[in-house]
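> I'd like to ask you about the structure that follows.
The values are calculated or read from the model by the stated rules, or taken from the named source; none is laboratory data. Just so it is clear, the model here is predicted, and its values are computed rather than measured. All Cβ positions, even for glycine, are placed from backbone atoms using ideal geometry, and neighbour counts span all protein chains on display.
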Amino acid sequence: MGSRSEITTLLSLSVQKYINPHNDPRIYWAKEVTFDYATSKHVRVDYMQFKPKNNFISGLEKGDFYCYEVKSSLEDFHSKNGHNFLGDFNYYVMPEGVFKQVEKEIPYKVGVYVPAEKSRNGDWYKLKTIKKAIRQNREKSNIEMLFMMFRSAARDNVK
């Protein structure tokens, strides 16, 4: 696939295309979402997505958060950074070869996506589920999760 940074870039673009393949403004997502900023316990989630049940108040409050952490290599997986699973459903995104090396180290409820076939233009991969995530109980409220996503998405719009 290439160097670690090339793999990370490719996997990151693949996650973005997986989350929002047609650049639909009704799909709510953000990248590099930071929680507990300016504290010693701050964490950053690579990608987050919010899927409301519907657009009514109760549907928004019952929506699900999906977190995606990109791991491009065995060393990346074993680093202390980037294992921040704060969502209802949490996934690693990694090459299949890395998955085979770390399969037994992945927490039971955390799912895994791996690259499948390349896109038509060849600059990203379609992702396939190799391990399905199981719902977890979140420790953060909907309002905090949405606010942190909003802040990160707004930052990206300014860039």
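> Restricting attention to region 89-108, report how many residues are in contact with a strand residue (DSSP E or B) (Cβ under 7 Å, 6 or more places away or on another chain), within 24 Å of residue 137 (Cα to Cα) and not aliphatic (A, V, I, L, M).
Qualifying residue count, region 89-108: 4.
> Out of 128, 109, which single residue is part of a strand (DSSP E or B), more than 19 Å from residue 2 (Cα to Cα) and of a type in the set (D, E, K, R)?
Values: 109 fails: part of a strand (DSSP E or B).
Every option except 128 fails the conditions.
> Another question about this same structure. In region 112-125, how many residues are touching a Ser or Thr at 6+ places or on another chain (Cβ under 8 Å) and in a loop (DSSP other than H, G, I, E, B)?
1
> What is the residue count in region 1-60 for residues that are out of contact with any strand residue (DSSP E or B) (no Cβ under 6 Å at 6 or more places or on another chain), among the small types (Gly, Ala, Ser) and modelled with pLDDT of 90 or more?
0
> If I go through region 40-64 residue by residue, how many of them are part of a helix (DSSP H, G or I) and exposed (fewer than 14 other Cβ atoms within 10 Å of the Cβ)?
Total satisfying the criteria: 4.
> How many residues are of a type outside the set (Gly, Ala, Ser) and more than 16 Å from residue 12 (Cα to Cα) if we restrict to region 85-119?
Residues in region 85-119 being of a type outside the set (Gly, Ala, Ser) and more than 16 Å from residue 12 (Cα to Cα): 16 in total.
> Of the residues in region 112-136, how many are surrounded by fewer than 16 Cβ atoms within 10 Å (Cβ to Cβ) and at pLDDT below 85? Before you say what the answer is, go through the steps one by one.
Restricting attention to region 112-136, the residues satisfying the condition of being surrounded by fewer than 16 Cβ atoms within 10 Å (Cβ to Cβ) are 116-123, 126, 128-129, 132, 134-135.
Retained after the next criterion (residues that are at pLDDT below 85): 117-123.
Adding up the residues that qualify gives 7.
> Of everything in region 82-106, what is part of a helix (DSSP H, G or I) and among the polar types (S, T, N, Q)? Give them in sequence order.
Listed by number, the list holds a single entry, 101.
> State which residue is surrounded by the fewest Cβ atoms within 10 Å (Cβ to Cβ) when the search covers only region 17-26 and only residues that are free of Cβ contacts under 8 Å to residues at least 60 places away in the same chain and either within 14 Å of the chain's Cα centre (by Cα) or assigned to a helix (DSSP H, G or I) (or both).
20
Residues checked against (1) of a type in the set (Lys, Arg); (2) in contact with a Phe, Trp or Tyr (Cβ under 8 Å, 6 or more places away or on another chain):
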residue: 98; (1), (2): no, yes
residue: 106; (1), (2): no, yes
residue: 115; (1), (2): no, yes
residue: 119; (1), (2): no, yes
residue: 123; (1), (2): no, no
residue: 129; (1), (2): no, yes
residue: 132; (1), (2): yes, no
